[in-house]
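Take a look at the structure set out below.
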Amino acid sequence: MRAIAMLCVVMLVGTIGFLLIEPGWTVWRAIYFTLITITTVGFGDETTSLAGQKFAALLLVCGIGTAMWTLTAVVQFAISYQFEWQRRMKKMISKTSDHIVICGFGRIGRTI
């Protein structure tokens with residue numbers, strides 16, 4: 001959760017920063033430029049000023065680190081959830097005893 005919150009903060013700071021530094025930019029253009037900066041897509045310079053270029057460089061360093069941290073946290077959560085599910089299932093199976101497993105209890109299975 002912290003990683004996603006930090007990514008949102010980086011997006012917000014980047015958007016506000018570009019709105020303050022680059023006169024005439026719309027909110028969407030600032031969001032878009034922040035996104036292409038932190039994802040390293042970089043569709044060009046977008047005609048930024050020198051101050052905008054310096055801010056974009058700073059945003060690159062902070063944004064890429066935060067984006068990678070967020071991606072790592074999400075993948076780690078997904079993997080740990082899968083292992084936890086398997087561990088619980090194995091524990092539940094190991095506690096069962098004296099059970100019979102019936103496979104194929106459909107139309108033919110009932111008849112047999």
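The values are calculated or read from the model by the stated rules, or taken from the named source; none is laboratory data. These numbers were taken from a predicted model, which means no experiment stands behind them. Ideal geometry is used to build each Cβ from the backbone, glycine not excepted, and the neighbour counts take in all protein chains shown.
Laid out as a table, the results:
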read-out	value
Of the criteria (1) surrounded by 12 or more Cβ atoms within 10 Å (Cβ to Cβ); (2) in a loop (DSSP other than H, G, I, E, B), which one S97 fails	(1)
Qualifying residue in the stretch 36-47 (condition: modelled with pLDDT of 85 or more, small (G, A, S), out of contact with any Gly (no Cβ under 9 Å at 6 or more places or on another chain) and part of a loop (DSSP other than H, G, I, E, B))	no
Conditions (1) assigned to a helix (DSSP H, G or I); (2) free of Cβ contacts under 8 Å to residues at least 12 places away in the same chain; (3) surrounded by 12 or more Cβ atoms within 10 Å (Cβ to Cβ): number failed by T66	(2)
Single unsatisfied condition, M1 versus (1) surrounded by fewer than 18 Cβ atoms within 10 Å (Cβ to Cβ); (2) modelled with pLDDT of 85 or more; (3) not small (G, A, S)	(2)
Count of residues meeting criterion [surrounded by fewer than 17 Cβ atoms within 10 Å (Cβ to Cβ) and either closer than 16 Å to C62 by Cα or at pLDDT below 90 (or both)] in the stretch 5-23	7
Members of the stretch 16-28 found to be in a helix (DSSP H, G or I), in contact with a Leu (Cβ under 9 Å, 6 or more places away or on another chain) and more than 13 Å from Q53 (Cα to Cα), listed by number	V27
